[in-house]
Amino acid sequence: MTAAVVLVPSVASAAPSSTTSSLPVTTSVSYLAQGEVQLADGRTAQVSLGEYASRLFGPRQGSLGVSIAAPCASFPCGAPESGYAELTGAQVDFALNLGRASVSEVPVTLTSSSYGPDGWTRTERQVTASVTFTATGPTVRNAYSSPVCGDGSEGCRSFRLDASRPAAVTVVIDGASSSGSGTLGYGYGLDIGTPQG
């Protein structure tokens, strides 16, 4: 699982030297939970819940993504319904230890496209979704460094810390509840620009 990343530029002072007195610093912090459930009608719903922290660019932000697809045994398959809702940090609740994450009563517009005699047709429907993730296993952590920045550019000393836990997920769409499995994840990054020349 790859956690979503928000980059927060700032400036950090380095020890005085003959080459530089300060280095640019960029940090990134994110939480991401992903899961899949089977609905009562046999379709599969995939959900993703994220929270992103940024002191520089404003308050905490969140997001909820929902995608619903029917079983498909042969090509061509029907297009899934999918939708995305932007949230405030107050709407999303992630436990710091990745023990739990949830969001309640979020309106999401699901869209899908189909092709017929008259060409492509786009349909929309509004649903209300609630999602709860509960950790079911231990936390696995991974730390590493790289000479490449988080955005892929060179000229950094980059440090990353990732953590994840298996989780049970409950999805409620328009009052109908379904359960499945997923993961809870956390990502932190620190990029320190290296002096040029």
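The residue pairs whose first member lies in region 164-186 and is without any contact (Cβ under 8 Å) to a residue 12 or more places away in the chain, whose second member is among the β-branched types (Val, Ile, Thr), and whose beta carbons are closer than 6 Å, counting only pairs six or more residues apart or on different chains, do not exist in this structure. Listed by first and then second residue, the pairs linking a residue in region 145-161 that is closer than 13 Å to Gly193 by Cβ to a residue that is hydrophobic (A, V, I, L, M, F, W, C) and modelled with pLDDT under 75, with Cβ atoms under 6 Å apart and 6 or more places separating them unless they lie on different chains, are Cys156/Cys149; Ser158/Cys149.
Can you name the residue in region 148-183 that is in contact with an Asp or Glu (Cβ under 7 Å, 6 or more places away or on another chain), modelled with pLDDT under 95 and part of a strand (DSSP E or B) and, of all such residues, is surrounded by the fewest Cβ atoms within 10 Å (Cβ to Cβ)? Taking the candidates together, the pick is Val148. Scanning region 118-144 for residues that are without any contact (Cβ under 8 Å) to a residue 60 or more places away in the chain and under 22 Å from Pro80 (Cβ atoms) returns Asp118, Gly119, Trp120, Thr121, Arg122, Thr123, Glu124, Arg125, Gln126, Thr128, Ser130.
Checking the structure you have, find out if any residue of region 163-181 is of a type in the set (Asp, Glu) and closer than 29 Å to Ala70 by Cα. Yes, there is a match, as at least one residue in region 163-181 is of a type in the set (Asp, Glu) and closer than 29 Å to Ala70 by Cα.
Among the candidates Leu96, Leu49, Leu87, the residue that is over 22 Å from Ser178 (Cβ atoms) and either surrounded by fewer than 14 Cβ atoms within 10 Å (Cβ to Cβ) or touching a strand residue (DSSP E or B) at 6+ places or on another chain (Cβ under 6 Å) (or both) is uniquely Leu96. So is Glu105 modelled with pLDDT under 95, touching a Ser or Thr at 6+ places or on another chain (Cβ under 9 Å), outside any loop (DSSP other than H, G, I, E, B) and not polar (S, T, N, Q) or not? Against the criterion (modelled with pLDDT under 95, touching a Ser or Thr at 6+ places or on another chain (Cβ under 9 Å), outside any loop (DSSP other than H, G, I, E, B) and not polar (S, T, N, Q)), Glu105 does not qualify. Of the candidates Ser114, Ser130, the single residue that is surrounded by fewer than 12 Cβ atoms within 10 Å (Cβ to Cβ), assigned to a strand (DSSP E or B), small (Gly, Ala, Ser) and out of contact with any Pro (no Cβ under 7 Å at 6 or more places or on another chain) is Ser114. Those strands (runs of 3 or more DSSP E) of region 12-97 in which at least 2 residues are among the β-branched types (Val, Ile, Thr), under 25 Å from Pro166 (Cβ atoms) and at pLDDT 90 or above, considering only elements entirely within it, cover 44-52, 61-69.
With respect to the conditions (1) of a type outside the set (Phe, Trp, Tyr); (2) under 18 Å from the mean Cα position of the chain (by Cα); (3) closer than 27 Å to Val25 by Cα, Thr139 lacks only one, and its number is (3).
The values are calculated or read from the model by the stated rules, or taken from the named source; none is laboratory data. This is a predicted model, so every value here is computed, not measured. Neighbour counts are summed over all protein chains in view; Cβ atoms, including those assigned to glycine, are modelled from backbone coordinates with ideal geometry.
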